[in-house]
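Q: Can you keep this structure in mind? I'll have questions shortly.
The values are calculated or read from the model by the stated rules, or taken from the named source; none is laboratory data. Bear in mind that the values here come from a model prediction, so they are computed numbers and not experimental data. Note: ideal-geometry Cβ built from the backbone for every residue, glycine included; neighbour counts use all protein chains shown.
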Amino acid sequence: MEKEMYTFSDKGGESVTLRPEATSSIVRAYIEHKLYAWDPEVRLYFIGPMFRYERPQKGRLRQFHQINAEVFGVAHPMVDAEVMGILIHLLRSLGLQGYRLEINSLGCPRCRPPFRERLRSYLEEHLRELCPDCRRRAERNPLRVFDCKVEGCQEVILQAPLLEGFLCEECRAHFGEVKNYLEDLGIPYEVNPRMVRGLDY
């Protein structure tokens with residue numbers, strides 16, 4: 001994420017970074033304003049411009065608008081499906097078509113470490129085939145390698161171990177319930193076990 005930060009010096013020589021995403025700001029506000037003290041279950045949304053210093057390309061600009069829906073204080077599968085349902089409702093309300101909902105589970109703090117270690121060792125075996133960015137990611141945050149679009153990295157990723165094989169029983173059950181709720185809501189989805197999109201929080 002660091003290389004995608006839109007950072008520059010203002011006229012006074014101060015370093016300025018434009019926000020790359022909204023989740024961390026929402027979490028900070030939730031904690032700073034002690035919103036958890038008002039209600040144990042808090043739902044927040046945010047709409048606004050974000051900035052990434054990326055190579056402009058079709059459908060990807062340096063400034064874009066992001067809509068966030070965050071839920072604090074409840075970890076129920078129904079809430080995961082609810083947030084996805086809000087997204088689909090919004091897309092349908094706007095009359096948009098041709099979209100696809102892809103889902104995956106990132107597991108929990110118990111599932112991820114064994115997977116991360118297995119992935120890290122797999123990537124070490126294939127370091128020469130990875131781009132320079134992914135060589136760094138392989139050590140610091142191996143899940144980010146799944147985000148890479150470089151062809152050589154994509155070939156390595158196709159054979160990489162997947163998190164779904166490391167999910168504990170609770171996470172497997174949680175993900176199964178999320179899928180059941182989506183089906184109950186009539187929301188079509190595809191499971192993409194290689195989707196681990198995210199930022200380096």
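Q: Can you tell me which of (1) among the aliphatic types (A, V, I, L, M); (2) under 28 Å from residue 141 (Cα atoms); (3) surrounded by 11 or more Cβ atoms within 10 Å (Cβ to Cβ) is the one residue 35 doesn't meet?
A: With (1) among the aliphatic types (A, V, I, L, M); (2) under 28 Å from residue 141 (Cα atoms); (3) surrounded by 11 or more Cβ atoms within 10 Å (Cβ to Cβ) applied to residue 35, the lone miss is (2).
Q: Would you confirm whether or not segment 90-108 contains a residue that is farther than 24 Å from residue 21 by Cβ and among the acidic types (Asp, Glu)?
A: No, because not a single residue in segment 90-108 is farther than 24 Å from residue 21 by Cβ and among the acidic types (Asp, Glu).
Q: Determine if segment 17-27 includes at least one residue that is surrounded by fewer than 15 Cβ atoms within 10 Å (Cβ to Cβ), in contact with a Ser or Thr (Cβ under 9 Å, 6 or more places away or on another chain) and not assigned by TED's automatic domain parsing to the domain that holds residue 181.
A: Scanning segment 17-27, I find at least one residue that is surrounded by fewer than 15 Cβ atoms within 10 Å (Cβ to Cβ), in contact with a Ser or Thr (Cβ under 9 Å, 6 or more places away or on another chain) and not assigned by TED's automatic domain parsing to the domain that holds residue 181, so the answer is yes.
Q: Continuing with this model, one more query. How many of the residues in segment 107-163 are of a type in the set (Phe, Trp, Tyr) and in contact with a helix residue (DSSP H, G or I) (Cβ under 7 Å, 6 or more places away or on another chain)?
A: Residues in segment 107-163 being of a type in the set (Phe, Trp, Tyr) and in contact with a helix residue (DSSP H, G or I) (Cβ under 7 Å, 6 or more places away or on another chain): 2 in total.
Q: What do you reckon, is residue 187 in contact with a Lys or Arg (Cβ under 7 Å, 6 or more places away or on another chain), farther than 14 Å from residue 105 by Cα, of a type outside the set (Gly, Ala, Ser) and assigned by TED's automatic domain parsing to the domain that holds residue 110?
A: It is false that residue 187 is in contact with a Lys or Arg (Cβ under 7 Å, 6 or more places away or on another chain), farther than 14 Å from residue 105 by Cα, of a type outside the set (Gly, Ala, Ser) and assigned by TED's automatic domain parsing to the domain that holds residue 110.
Q: While we're looking at this one, here's another question. Restricted to segment 178-193, and to residues that are touching a residue at least 40 places away in the same chain (Cβ under 8 Å) and in a loop (DSSP other than H, G, I, E, B), which residue is nearest to residue 126 (Cα to Cα)?
A: The residue in question is 193.
Q: Given the criterion in contact (Cβ under 8 Å) with a residue 60 or more places away in the chain, surrounded by 15 or more Cβ atoms within 10 Å (Cβ to Cβ) and outside the structural domain of residue 57 (by TED's automatic domain parsing), identify the matching residue among 175, 146, 166.
A: Of 175, 146, 166, the one residue that is in contact (Cβ under 8 Å) with a residue 60 or more places away in the chain, surrounded by 15 or more Cβ atoms within 10 Å (Cβ to Cβ) and outside the structural domain of residue 57 (by TED's automatic domain parsing) is 175.
Q: Please go through segment 55-73 and pick out each residue that is in a strand (DSSP E or B) and charged (D, E, K, R).
A: Scanning segment 55-73 gives 60, 70.
Q: Inspect all residues belonging to segment 47-54 and state whether any of them is part of a loop (DSSP other than H, G, I, E, B), hydroxyl-bearing (Ser, Thr, Tyr), touching a helix residue (DSSP H, G or I) at 6+ places or on another chain (Cβ under 8 Å) and not assigned by TED's automatic domain parsing to the domain that holds residue 181.
A: Yes, because at least one residue in segment 47-54 is part of a loop (DSSP other than H, G, I, E, B), hydroxyl-bearing (Ser, Thr, Tyr), touching a helix residue (DSSP H, G or I) at 6+ places or on another chain (Cβ under 8 Å) and not assigned by TED's automatic domain parsing to the domain that holds residue 181.
Q: Being aliphatic (A, V, I, L, M), part of a helix (DSSP H, G or I) and more than 18 Å from the chain's Cα centre (by Cα) is the filter; apply it to segment 129-177 and report the residue that is farthest from residue 104 (Cα to Cα).
A: Among them, the one singled out is 156.
Q: Now for a different question. Kindly provide the set of residues from segment 14-72 that are free of Cβ contacts under 8 Å to residues at least 24 places away in the same chain and within 17 Å of residue 90 (Cβ to Cβ), ordered by number.
A: Result: 47, 64, 65, 67.
Q: Step by step: first the residues of segment 57-103, then only those that are exposed (fewer than 10 other Cβ atoms within 10 Å of the Cβ) and assigned by TED's automatic domain parsing to the domain that holds residue 26, then the one that is nearest to residue 44 (Cα to Cα). Which residue is that?
A: Taking the candidates together, the pick is 65.
Q: Give segment 1-47 a look and list any residue that's among the aliphatic types (A, V, I, L, M) and touching a strand residue (DSSP E or B) at 6+ places or on another chain (Cβ under 7 Å), or say none.
A: Residues satisfying the conditions are 5, 16, 18, 22, 26, 35, 42, 44, 47.
Q: Checking residue 43 against (1) assigned by TED's automatic domain parsing to the domain that holds residue 161; (2) more than 30 Å from residue 161 (Cα to Cα); (3) not in a loop (DSSP other than H, G, I, E, B), which single condition isn't satisfied?
A: With (1) assigned by TED's automatic domain parsing to the domain that holds residue 161; (2) more than 30 Å from residue 161 (Cα to Cα); (3) not in a loop (DSSP other than H, G, I, E, B) applied to residue 43, the lone miss is (1).
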